[in-house]
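The values are calculated or read from the model by the stated rules, or taken from the named source; none is laboratory data. All values reported here derive from a predicted model rather than from experimental measurement. We place every Cβ from the backbone using ideal geometry, glycine too, and count neighbours over all the protein chains shown. Ligands, DNA and RNA are stripped out before the accessible areas are found, and what is left, the full protein with its side chains, is counted by its heavy atoms. Shrake-Rupley method; radii C 1.70, N 1.55, O 1.52, S 1.80 Å.
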Amino acid sequence: MALKRRNQRRVEFNSSSMSDLVFLLLIFFMLTSTLVAPNAIKLLLPQSNSRTMAKQTVTVYINEKNNYYVGERQVADNQLQAEIVLALGGAVDGTVVVRSDKNVPVQYVVNVIDAVNNINNETHQNHKVLLATSAKK
């Protein structure tokens, strides 16, 4: 007497649950990537055609209220040079990128350049200053 099983075993792989998981991960990463802000301080940069790219060691922001930020921290005018020295952290040929709002008077940008030049004169190093711009439309 031959008995047959009702449920037969199949050697197939069902990938429908795996594709659901992939789509959920895709949606998760798309949503979280839009929440990440590359520049925490919003500025309207001046426009330029030049496309000079450099490895930046320190970023100094000057917002529309003429406040200085070294990295993410707000800095007083008289502490600017000391904070840049701390942010450079002993780098020999560092690059200081100035990201200034386009409505900021030039004197505030010159203050950052003077601070970096004073650091270069005191430490006998060759730090560079670059002005960040946005592309012309």
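Observations on the structure shown:
- Just one of the listed residues (N111, N126, N117, N121) is assigned to a helix (DSSP H, G or I), exposed (fewer than 11 other Cβ atoms within 10 Å of the Cβ) and not aromatic (F, W, Y), namely N121.
- Among (1) under 19 Å from the mean Cα position of the chain (by Cα); (2) open to solvent by 60 Å² or more (accessible area, probe 1.4 Å); (3) without any contact (Cβ under 8 Å) to a residue 24 or more places away in the chain, the one test that E83 misses: (2)
- Evaluation of V92 against (1) modelled with pLDDT under 85; (2) in contact with a helix residue (DSSP H, G or I) (Cβ under 6 Å, 6 or more places away or on another chain) (one fails), failing number: (2)
So that you can scan it fast, the table gives a plain yes or no per residue for (1) modelled with pLDDT under 75; (2) outside any helix (DSSP H, G or I); (3) within 29 Å of G90 (Cα to Cα):
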| site | (1), (2), (3) |
| --- | --- |
| L3 | yes, yes, no |
| L26 | no, no, no |
| L31 | no, no, no |
| N39 | yes, yes, yes |
| N66 | no, yes, yes |
| Q74 | no, yes, yes |
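- Looking only at the range 82-108, residues that are part of a strand (DSSP E or B) and either of a type in the set (D, E) or touching a Lys or Arg at 6+ places or on another chain (Cβ under 8 Å) (or both) come to 2 in all.
- The range 106-126, residues that are touching a residue at least 40 places away in the same chain (Cβ under 8 Å) and within 15 Å of T95 (Cβ to Cβ): V112
- Within the range 55-80, being open to solvent by 40 Å² or more (accessible area, probe 1.4 Å), free of Cβ contacts under 8 Å to residues at least 12 places away in the same chain and not small (G, A, S) holds for K65, N67, R73, Q74, N78, Q79.
- Number of residues in the range 87-105 that are open to solvent by 70 Å² or more (accessible area, probe 1.4 Å) and without any contact (Cβ under 8 Å) to a residue 12 or more places away in the chain: the value is 0.
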